[in-house]
Amino acid sequence: MAADRSDSAGAPGGAPARPRLPGGSLAPRGSATGQLAKIAVLGLAAAIALWAVFPLYAARQWTGVAAVVAVTALIFYVYLSKRAVPAKYLVPGTLFLIAFQIIPVLYTISTSMTNYSDGHRGTKEQAIDQIEASSVERTPDSTPYTLTVAARGSSSEGELVFLLTDPDGDAYAGDTDGLQPLTGASVDPSGKVADAPGYTVVPPSEANARSEEITEFAVPTGSGTGIRSSGFSSAFEGRSRLAYDAGCDCVTDAESGRVYTADDERGAFVAEDGDRLPQGWQVDVGMANFARFVGDPETRSSFLSILTWNVAFAAGTTAMVFVLGLGVALTLHTREPLAGRTAYRLLVVLPYAMPSFAMFLLWKSMFNADFGLVNRLLGLDLDWFGHPWSARAAVLIVNIWLGFPYMFLVATGALQSIPRELVQAARIDGAGAWQALRRVTLPLLMVSMAPILVATFAFNFNNFNAVWLTTEGGPFPTDSPLAGATDLLITYTYRLAFGVSGAQYGYAAALSVFIFLIVTVMSVVSLRRSASLEEIHR
């Protein structure tokens, strides 16, 4: 009896009490496989935290260190606790949302309010070091070095680094931040560095292609001195012609006596006549990058034309893929016998199954003016990518061809979810085929397809591959080499940030914020309208 009382004690209404786990409240739950998976996940989280925290600690980024420690502690608490069951499912998605959505958006917004660009990448101290190093000239007591040109990452595009060997045989690595000892390097008898961990030696053929960059490259060594190359095999440490004076916060040219005073609003050293040194530093500019959309006539003209084409491209693509996809879906959805129905559906879906990256390049070759398949089949002599409207037509054709199979699949699924009795009832009431489609089928379709259309518009508004892999934004007018006839805002932004004419990261970030706001507003409005369709048909 005592045992029975203890089993039902505390249970409401005399119901049997929940049996206790063997070993008490701290007993492990789950299978051995689950426990091993938990240990593996927590071990991976700890390893990533250790990998991230040491560089942050070395750089004295205490906010980053605190964030890593807090996130790691949260992960361990959630997955070792038996109470935070919902958090076990919410934490991974929340962390990925913060890491891949919220942080990039906040970083882009902060960058858009700076002058971050070529010549304005670092701090004022780094700019001063670069100014002094770039004007280094050989002196009678200059220290000679044996030079090996290297790069971080790709030898053709990576950041340049000078691997240097002094007369005593000591090896160093020099970059825009200064000179550091080089450990683990393999140095041949001539003093050339044959191999160094973390660096890729630039071969002579690629060094020739980057000769101008190598000639302008300089390694600051402090106190008005720096190291510059003399060809591809030797370098020297000389004295700077431009010297910084902290007293006047200015840079003086020792030869001409010209003085460049620091302008902290522009992040540059500027002379009295307005001439400025190319090396500057990063400063906050507020809303100046956004004001360029309106204040600069050339920028405003390019921006408005690109925005107009961008909206037309996204809306036109969305409308055409919807019409084509729905039309083919309706044709193959008939109850009448249709030979080869499955084969037709497979052929229609085929473009969607192919990699879009390769298909854009294939279509680009098909539109070639001299050897393209399109001109040969149609008997045309048209330079598709040489004229604005033909280039836009080509981009639309390719994008629609790749996009409508997806809409066909969605429309087919939506049609199969609509009861045929509704259409039959409309036909009995005297409605024709067009009336039944317009008043019965289409409204029901839009309930499920409206969010898909919104997503399709948003995707095509930023469809970088469709333009870049087909036309690269061209053709370009002679008076505007940065804004092409087929450019979308995203390709224009990419060219500003990573183009050969110089990077404008701050302005590109402002454009990215503008694109984000446009897509957000359009998506919210469209989704609200699609939600109203659901209310109507409930």
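Points worth noting:
- Take every pair of alpha-carbon atoms less than 8 Å apart whose residues are at least six positions apart; their mean separation over the length of segment 449-488 yields a relative contact order of 32 percent.
- FRET efficiency estimate (nearest 0.05) - Cβ-Cβ, Phe498 to Ala67, R0 35 angstrom: 0.75
- Here segment 175-229 and segment 389-429 have alpha carbon centers that stand 59 Å from each other.
- Charge dipole of the chain (Cα centre as origin; +1 on each Lys and Arg Cβ, -1 on each Asp and Glu Cβ, all else neutral): 4080 debye, rounded to the nearest 20.
- According to the Kirkwood relation over distinct C-alpha pairs, the hydrodynamic radius of segment 295-536 is 20.1 Å.
- Selection from Ala209, Val525, Leu482 lying farthest towards where the dipole of the chain points positive, charges on Cβ: Val525
- Alpha-carbon Rg/Rh ratio, for segment 124-270, with Rh computed the Kirkwood way: 1.01
- Net dipole in debye of segment 295-536 [+1 Lys, Arg Cβ; -1 Asp, Glu Cβ; about Cα centre; nearest 20]: 740 debye
- Estimated FRET transfer efficiency when R0 is 45 angstrom, pair Val349-Leu74 (beta carbons, to 0.05): 0.55
- Size descriptors for segment 32-112: radius of gyration and Dmax over Cα atoms are 14.7, 51 Å.
- Segment 32-112: relative contact order as a whole-number percent, Cα under 8 Å and 6+ apart: 21 percent
- Our estimate of slack between Leu517 and Ala254, defined as 0.36 nm per intervening residue step minus the Cα-Cα distance, is 89.7 nm.
- Amide H contacts of Trp281 (H built 1.01 Å from N, under 5 Å, at least 5 apart or other chain): Ala268
- Ordering of 176-188, 135-147 by packing [mean C-beta count within 10 Å, highest first]: 135-147, 176-188
- Using the alpha carbons alone, the radius of gyration of the chain stands to its Kirkwood radius in an Rg to Rh ratio of 1.09.
- Principal-axis analysis of the Cα atoms of the chain puts helix 356-366 at an angle of about 80° to the longest axis.
- Full-stretch length increase - Arg138, Arg438 - with 0.36 nm per residue and alpha-carbon distance subtracted: 99.8 nm
- Axis of helix 32-58 versus longest Cα principal axis of the chain: the two differ by about 30°, to the nearest ten degrees.
- Cα pair count fraction exceeding 22 Å, expressed as % - segment 73-159: 65 percent
- Kirkwood hydrodynamic radius of segment 337-390, from inverse mean 1/r over distinct Cα pairs, in Å: 13.4 Å
- As a calculated quantity, the FRET efficiency between Phe464 and Ala58 at R0 = 45 Å, using C-beta atoms, amounts to about 0.80.
- Largest to smallest principal axis extent of the C-alpha atoms in segment 164-214, angstrom: 30, 26, 22
- Taking all Cα pairs closer than 8 Å and separated by 6 or more residues, the relative contact order of segment 295-536 comes to 25 percent.
- Take the Cα of Arg427, step 7 Å toward its Cβ, do the same at Asp168, and the gap between the two points is 9.6 nm.
- Dipole of segment 295-536, positive direction: furthest Cα of Ala466, Ile515, Phe404, with charges on the beta-carbon: Phe404
- Principal-axis tilt of helix 297-332 within the chain, Cα atoms, nearest 10 degrees: 30 degrees
Every read-out reported here was derived from the displayed coordinates using simple, explicitly stated rules and does not represent laboratory data. Please read these numbers as outputs of a predicted model, since none were measured by experiment. Note that each Cβ is placed from the backbone with ideal geometry, even for glycine, and that neighbours are counted across all protein chains shown.
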